Amino acid sequence: MVISSVPYTIPQDIVSPYNYVPTEWICISFVVLYSVSTAIHMVQALKYKLWWMIPTATFAGILEIFGWSARLWSSQSPELLTPFEMQLVGTVLAPTPLVAANFIILGKIINQFGPQFSRLTPYMYTVVFCSFDAVCLIVQAVGGASSAQAVNENKDPALGGNIMLGGISAQLFAILVYISLAAEFFLRRIYNTPFRHQAMKFGKDQLPMSKNVHRMIFGMSLCTICIFIRSVYRTVELADGWFGVVIANESYFNWFDGGFVAVAMYTLNVIHPGIYLK
């Protein structure tokens, strides 16, 4: 697709590039929510020495704070393009590092409770899925930057939107594969049907899962479901176009993007791998 050379302007009846004016109190609420969760994630990562939680969950929170602070700016100056560009990049990218945290958590669970029941080795979960997640992050960043630049230059942002759509769709596919492999692991473990034979680390019987581990699995699942729903929403939003019905509805964005990602962030605060996956 080639960006049109015809100048791209916002329709006269639209007061901002959002197609609406972001609600101030909602933006403030999400900035506070994400700031609190991010601070807790940083403290937890340092306390339990889980350094990988800093570039994943903590970084996701920083990106959300960045994005929602820009939306707050837009609530005061809706006609400005700079905060719109900032929030576009921040909110699109933020959940991607959070997905990587779930990939790593699943790998650690598999490593402790039966790698022979998993189609992939625990190490491969981290390498394959986190690498793919990083690619999705780069693609979304390129698309977001391209769209923001196009809007700033009064050009059609559709090309950048399509790039972002590709990155989010790929991430959605990765989450589906991840869910399928996780479900297969737990089912094979329940029915004792391993992929490969492996010497048991803890005697003849496999290591039983404690209540804490079951809680960690629940937290990981809830976090993944929230991000999955958000990814479906963003896929529909971008596919509907820059002036479509979905992107022009602030409530959809507040609930399906801001709300579900916030729930995912706080889920890993409450059910933290440093506490429940020792």
Study note, to complete from the structure: Proxy exposure order for F243, F185 (fewest C-beta within 10 Å first) is F243, F185
Practice item. With N set to the residue count of the chain, report its C-alpha Rg divided by 2.2 N^0.38 Å to two decimal places. Key: 1.10
Check your understanding: Classify segment 74-121: rounded, prolate or oblate, from the alpha-carbon gyration tensor (a ≥ b ≥ c, eigenvalue square roots; a/c under 1.5 rounded; otherwise prolate if a/b is larger than b/c)?
Key -> prolate
Point to revise | Residue-count net charge about L238 - beta-carbon cut-off 15 Å; Lys, Arg +1, Asp, Glu -1 | key: -2
Check your understanding: Between W255 and L207, what is the spin-label point distance in nm, taking each point 7 Å from the Cα along the Cα→C-beta axis?
Key -> 4.2 nm
Revision key, fill the gap. With -39,500 (n - 2.57) per DSSP H segment of 4 or more residues and division by the full residue count of the chain, the 222 nm estimate, nearest 500 deg cm²/dmol, is -22000 deg cm²/dmol
**Study point:** Environment charge at F256 (Cβ cut-off 12 Å; Lys +1, Arg +1, Asp -1, Glu -1)
**Key:** -1
Check your understanding: Shape call for segment 175-278 from the C-alpha gyration tensor, a ≥ b ≥ c root eigenvalues: rounded (a/c under 1.5), prolate (a/b greater than b/c) or oblate?
Key -> oblate
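Rule-based calculations on the coordinates, nothing more; no lab input. Computed from a predicted model, the values in this text were never measured in an experiment. Ideal geometry is used to build each Cβ from the backbone, glycine not excepted, and the neighbour counts take in all protein chains shown.
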